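The values are calculated or read from the model by the stated rules, or taken from the named source; none is laboratory data. Quick caveat: nothing in here was measured; it's all calculated off a predicted structure. Positions of Cβ are generated from backbone atoms using ideal geometry, with glycine treated the same way; all protein chains shown enter the neighbour counts. Keep in mind that these areas ignore ligands, DNA and RNA; they rest on the heavy atoms of the full protein, side chains included. Shrake-Rupley method; radii C 1.70, N 1.55, O 1.52, S 1.80 Å.
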There are 4 protein chains.
Amino acid sequence: MSPASDRPDPEPPLVLLDTAPQPVGRIFTPDTRATFEQRFRVVDCGGDPDRFDALLPEAFAVVGQTDLPAARLERATRLRAVLNVEGNFYPNVDYPTAFARGVRVLGCGPAYAQAVAEYALGLALDLARGISREDRAFRAGRERYLGDGNADAVLLRGADVGLIGLGNLGRALLPLLAPFRPRVRVFDPWLPDAVLAEAGVEPAGLDQVLGDSRFVFVLAAVTSENSEGGRLLDAAALDRLPAGARVVFVSRAAMTDYDALLDRVEAGRFLAAVDVWPDEPVPADARARRLEGLVLSAHRAGGIPAAFAEIGELVLDDLTLLARALPPVRMQPAAPELVGRYRNRPAG
Amino acid sequence: MSPASDRPDPEPPLVLLDTAPQPVGRIFTPDTRATFEQRFRVVDCGGDPDRFDALLPEAFAVVGQTDLPAARLERATRLRAVLNVEGNFYPNVDYPTAFARGVRVLGCGPAYAQAVAEYALGLALDLARGISREDRAFRAGRERYLGDGNADAVLLRGADVGLIGLGNLGRALLPLLAPFRPRVRVFDPWLPDAVLAEAGVEPAGLDQVLGDSRFVFVLAAVTSENSEGGRLLDAAALDRLPAGARVVFVSRAAMTDYDALLDRVEAGRFLAAVDVWPDEPVPADARARRLEGLVLSAHRAGGIPAAFAEIGELVLDDLTLLARALPPVRMQPAAPELVGRYRNRPAG
Amino acid sequence: MSPASDRPDPEPPLVLLDTAPQPVGRIFTPDTRATFEQRFRVVDCGGDPDRFDALLPEAFAVVGQTDLPAARLERATRLRAVLNVEGNFYPNVDYPTAFARGVRVLGCGPAYAQAVAEYALGLALDLARGISREDRAFRAGRERYLGDGNADAVLLRGADVGLIGLGNLGRALLPLLAPFRPRVRVFDPWLPDAVLAEAGVEPAGLDQVLGDSRFVFVLAAVTSENSEGGRLLDAAALDRLPAGARVVFVSRAAMTDYDALLDRVEAGRFLAAVDVWPDEPVPADARARRLEGLVLSAHRAGGIPAAFAEIGELVLDDLTLLARALPPVRMQPAAPELVGRYRNRPAG
Amino acid sequence: MSPASDRPDPEPPLVLLDTAPQPVGRIFTPDTRATFEQRFRVVDCGGDPDRFDALLPEAFAVVGQTDLPAARLERATRLRAVLNVEGNFYPNVDYPTAFARGVRVLGCGPAYAQAVAEYALGLALDLARGISREDRAFRAGRERYLGDGNADAVLLRGADVGLIGLGNLGRALLPLLAPFRPRVRVFDPWLPDAVLAEAGVEPAGLDQVLGDSRFVFVLAAVTSENSEGGRLLDAAALDRLPAGARVVFVSRAAMTDYDALLDRVEAGRFLAAVDVWPDEPVPADARARRLEGLVLSAHRAGGIPAAFAEIGELVLDDLTLLARALPPVRMQPAAPELVGRYRNRPAG
């Protein structure tokens, strides 16, 4: 039971890398890579499935999104952990087999949470104050000074704020909102009320979150229930938003009816910032590109250099703990109950 | 000593309004105005100096920016307070005479602080992540997806942040920055180190604030020292900023060399968001309108509806206290030591 | 106008010390004293009124509680500030004359606020959990293990908390309470509701604060209204407290009916921690000494070494600012409206 | 796969209770119990192993500390979760078998964390200010007024604070400490530095935590390494504490050399508050009962009514999620890596 001891192992544990579509050099800075190599025998198998299969029986961990059906997992007799390097869990791993074999399956969603939360707040403040809209006007020689350009400007302080989903993203956003002393209502059907209350927010139904919030953040993961089974944010749901609301979309697009969304922004019903789109790239002639009430963003909320570098650190820290026979603490463990429900598609 | 009692005065104290350039209806909502009229005898003297002079001897308070030289103050034998309704103190009041006569002189700078602070944070997040720049690119069909548009994106979390000035604005901004856990250095020559330490920031010289900060917020009041006596932020000072810094200008322009500033933004040395300009309106052909590294804003940081309405509330609350012979607590008292130093010009 | 310049004065300003009953060495640490002597000509006039009177015409500031009637103030032609070194303002200064002459009158109440706030929280947690009571039981061999000694133990988290008074002490206490996420109601007739709301608490009448709070902190200053005009916390008021309340008394005693208080503690109606007493020292045979439901404290909340040392720092920092013709920022300015109302007696 | 659906199951899942030594009525309030019965078929098997064994094959969950060796687990074909109702994991469950069979094993340590954290802060403030010591003196007629009793009183604000262990308890304590703005160093060999940095504390070795802290909180779980393998806090470790330190012991006693501890408190080297003892009850003639530098507490930190009631709520909330095929979020999952290391003994 070599990894069960705190003493350094005579032979460092073998870790197989297969990080595509992430380039290895993007998630491991030179410093992180150096420490990684010091503590583990690291073999990059990217693009070489034969090599991967040859080494798998000796592997302590796999870092990446390699397909791991039951047959492969059964050959991986020393495998303790699979650490993916994207923000979501995909259906390419036979999770029940992994769990039954005591293999930890970890995701790096937490690496993106701060980047997305800061971006979501930036988008909300832009919508609150018309920052990008008035910058455009200024460049066009149409700027309005002092109060004249502020007719629809609102404070975030004390505002009614709604969150759809309180996972990694929501939990990273809440502290950023706290000094504004908002009244925060959260719709998250996966969490008991007490958890929301402990987080300092009010549990609420979707209708209430939409109907009572001046600012709404859409942060939920896409599941079979909220996309295939009928979009969570369809036209009727969007109509519940109060006039002049500001809505920030930073989670996957599948749960929202985008035609209905753009209709309402075009009609001036509310303002929106959109970072995720049903089809990416967005068609060249999409009307979204012309709407004044929109802040447009090209799926940029999470993928910033600091987040990529953090992935490497998460992986290194948790592998180090696992090699000492301690539980991982930085990455997100796949929940046996949820892995079958996600409908995330790879971003790339 | 009628106002020395907590009992309601049989004759409500007389308050003279002269709020120009602020329209009375902008700072007093109907509700605030109704309560105001209930508690005081309110006479609007806007544009009628004769009426003002006729009523002055009976006035308990003046609300506005009326000129109050010594001669007028001496006739105002019952005057207890002058409450201006702009964010700064102007040289149109004979402050020493007012102080010697026990007249409170109050300003409503605090009403704007939250609006400016939220805006400053919004500008900083825009600079951190390229929100308005990439929105423009998206509209032009040049958007870059995922990590491709994020090469220069940075987190605010854990960043080195510099504040120039820790007055009302800085104090409203600090709590908004706190959840990002920045390291904050502050240059404020009017404050002892212990006050900065109590505020959770590090006292620093101007050079250190500029040289060591990834984000800089320029928040200081303009004084004879930092404008007439040589601009605080001249070319040499701006050259201390690290490459890639993000600088937010939301206080008056006189302390900065704008030519030098725009040169450096144009050269890509750093990014800046500018809300205050040496000449407003900005000339139509100003090069600022074309710089990609700039977020342009037309003096919009403070003057939003919520701030205007708060002015009326501040005035009403403090007048109510003064009429009960209690000290005002919401507006900012003019400091005898500072009134001679300010070089603020009216915004309108 | 020597002090109106930022340049060091050729002759340092003269400061007269008369700090009794505070020993000079208790409030000025050697370091603080050294800096003080460097920046000012400091003369200790303690116990020598003739010397004081001889130097007064040249004095820039007086540090201490020296009597300053109008006649003396009129001779003090260069006097800019009076800085007392106790926590309260006493009636030995002719305040209107001082204000008319442009003399700053400053108190060092803020130096004690943190010490009192920490102590008040410590007393509240003692009452919540029976810390001192069960320590006594343990020493007597009567300790009860685990849940057995915890029948009346309560959490502070989420509790209804009432504050009577939101001055220096309340404002220092609120942040310490914040992480417990209490619902805080405050009775303070000197503050408008908006100030309380900004502080994150609910304005409430005295009856509501008493009736709805599990924890009550009595923090108000004593005034003519709440002591001579009928005690604020008389028997009827105390009867509003819910059964099992925990009440912390750290402000002056005059506003409370102590006989009624002790009757109720003795009867087991509620628990109390008492730091201030109608007569100090408390008589040897006082029944308070025997009550199990009481935490007894001998006026120890504020006067700790760190608070005394902070007084010297406050004095030095504000004098330094005043000598640079800048406004003081650390000590508390005497409010013209309030100086006639206080009924504080010197502690010593 | 009945529990895999969100629709209510026609037959409510069977939950077996076996909560000893916790009385069922202490952890389930009538309200919680009523909801529990509504959602589940609840059978109390306390004290009836035959009944337990008869029902086990149908059980969806077991709530309690029943022994679950492999043989029993293999008969529990529908078992999804084991929820213990004490604060620790004991060696009476065959954890590897449970994990391999996809059975969630959950503990209710989080229910106690707030109670312990508030108590630990209360003990620290008592030690900082001598609250219980001076209360005893007052009762004995030896009270010292004002500064006289405060010679060794210190502030928590800005203090150097050390935590030994950052698990549930430490994480509940940190937010309570935050408003005191301490410098917090943490020794926790199970956590990477980045996790400590994210929590706003400094990672440190044990020697540094002991040597540089004025306040030390001992919060770690007992493991084979820190007790059997040599006590973590032996005489040499305790000698690193600075003179006048204040040390709070609220975690299990086995990692500390109590003789050495009491020697040092008796000698006046430092002050300590002790809630856990090597032998409970403490012998009647133990010298600890007589030491002035000690705050004595009879294992009372966690077991308060609010904590017991929270256990029932945690159990109900997580069972409800599990029955909806969602992951539990309130209780603490047993970590496969740690279950073999704990050396906790049942408290009762």
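General remarks:
- All told, residue B:89 meets the bar of being farther than 22 Å from residue B:13 by Cα, hydrophobic (A, V, I, L, M, F, W, C) and in contact with a strand residue (DSSP E or B) (Cβ under 6 Å, 6 or more places away or on another chain).
- Within region A:149-189, if we keep just the residues that are free of Cβ contacts under 8 Å to residues at least 60 places away in the same chain and acidic (Asp, Glu), the residue that is least open to solvent (accessible area, probe 1.4 Å) turns out to be A:188.
- The condition of being within 8 Å of another protein chain (Cβ to nearest Cβ) and buried (at least 19 other Cβ atoms within 10 Å of the Cβ) holds for residue D:138.
- Criterion (acidic (Asp, Glu), open to solvent by 20 Å² or more (accessible area, probe 1.4 Å), more than 7 Å from every other protein chain (Cβ to nearest Cβ) and at negative phi) met by exactly one of A:280, A:266, A:313: A:266
For every residue, the table says whether it meets (1) aliphatic (A, V, I, L, M); (2) in contact (Cβ under 8 Å) with a residue 40 or more places away in the chain; (3) under 27 Å from residue D:96 (Cβ atoms).
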| site | (1), (2), (3) |
| --- | --- |
| D:20 | yes, yes, yes |
| D:23 | no, no, no |
| D:33 | no, yes, no |
| D:39 | no, yes, no |
| D:42 | yes, no, no |
| D:47 | no, no, no |
| D:53 | no, no, yes |
| D:56 | yes, yes, yes |
| D:59 | yes, yes, yes |
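- A count restricted to region A:79-88 and to residues that are closer than 21 Å to residue A:39 by Cα and not in a strand (DSSP E or B) stands at 4.
- Residue in region D:250-263 that is touching a Phe, Trp or Tyr at 6+ places or on another chain (Cβ under 6 Å) and more than 9 Å from every other protein chain (Cβ to nearest Cβ) present: yes
- Exactly one residue out of C:202, C:228 is modelled with pLDDT under 95, open to solvent by 50 Å² or more (accessible area, probe 1.4 Å) and touching a helix residue (DSSP H, G or I) at 6+ places or on another chain (Cβ under 9 Å), and it is C:228.
- Matching residues, region D:149-178, being within 14 Å of chain A (Cβ to nearest Cβ), in a helix (DSSP H, G or I) and not small (Gly, Ala, Ser): D:168, D:171, D:174, D:175
- Count - residues of region A:64-116 that are in contact with a helix residue (DSSP H, G or I) (Cβ under 7 Å, 6 or more places away or on another chain) and on the phi > 0 side of the Ramachandran plot: 1
- Residue in region B:243-255 that is farthest from the chain's Cα centre (by Cα), counting only those that are open to solvent by less than 40 Å² (accessible area, probe 1.4 Å) and not hydrophobic (A, V, I, L, M, F, W, C): B:244
- Residue B:259 fulfils the conditions (1) surrounded by fewer than 17 Cβ atoms within 10 Å (Cβ to Cβ); (2) in contact (Cβ under 8 Å) with a residue 40 or more places away in the chain except for a single criterion, (2).
- Qualifying residue in region B:137-145 (condition: assigned to a loop (DSSP other than H, G, I, E, B) and on the phi > 0 side of the Ramachandran plot): yes
- Of everything in region A:99-124 that is facing another protein chain (nearest Cβ under 8 Å) and among the hydrophobic types (A, V, I, L, M, F, W, C), the residue that is farthest from residue A:81 (Cα to Cα) is A:123.
- Count - residues of region D:283-303 that are crowded, with 23+ Cβ neighbours inside 10 Å and among the acidic types (Asp, Glu): 0
- When region A:179-193 is filtered for residues that are in a helix (DSSP H, G or I) and more than 15 Å from residue A:213 (Cβ to Cβ), the ones remaining, listed by number, are A:179, A:193.
- Out of B:146, B:127, one residue alone is in contact (Cβ under 8 Å) with a residue 60 or more places away in the chain and either over 20 Å from the mean Cα position of the chain (by Cα) or facing another protein chain (nearest Cβ under 10 Å) (or both). It is B:127.
- The set of residues from region B:282-327 being farther than 17 Å from residue B:116 by Cβ, among the small types (Gly, Ala, Ser) and out of contact with any strand residue (DSSP E or B) (no Cβ under 9 Å at 6 or more places or on another chain) comprises B:284, B:286, B:312, B:325.
- Yes/no for residue B:245 being more than 14 Å from chain A (Cβ to nearest Cβ), modelled with pLDDT of 95 or more, more than 30 Å from residue C:225 (Cα to Cα) and touching a strand residue (DSSP E or B) at 6+ places or on another chain (Cβ under 7 Å): yes
- Only one of B:91, B:96 that is open to solvent by 10 Å² or more (accessible area, probe 1.4 Å) and assigned to a helix (DSSP H, G or I): B:96
- Count - residues of region A:316-334 that are at the interface with chain D (Cβ under 8 Å from one of its Cβ atoms), small (Gly, Ala, Ser) and surrounded by 21 or more Cβ atoms within 10 Å (Cβ to Cβ): 0
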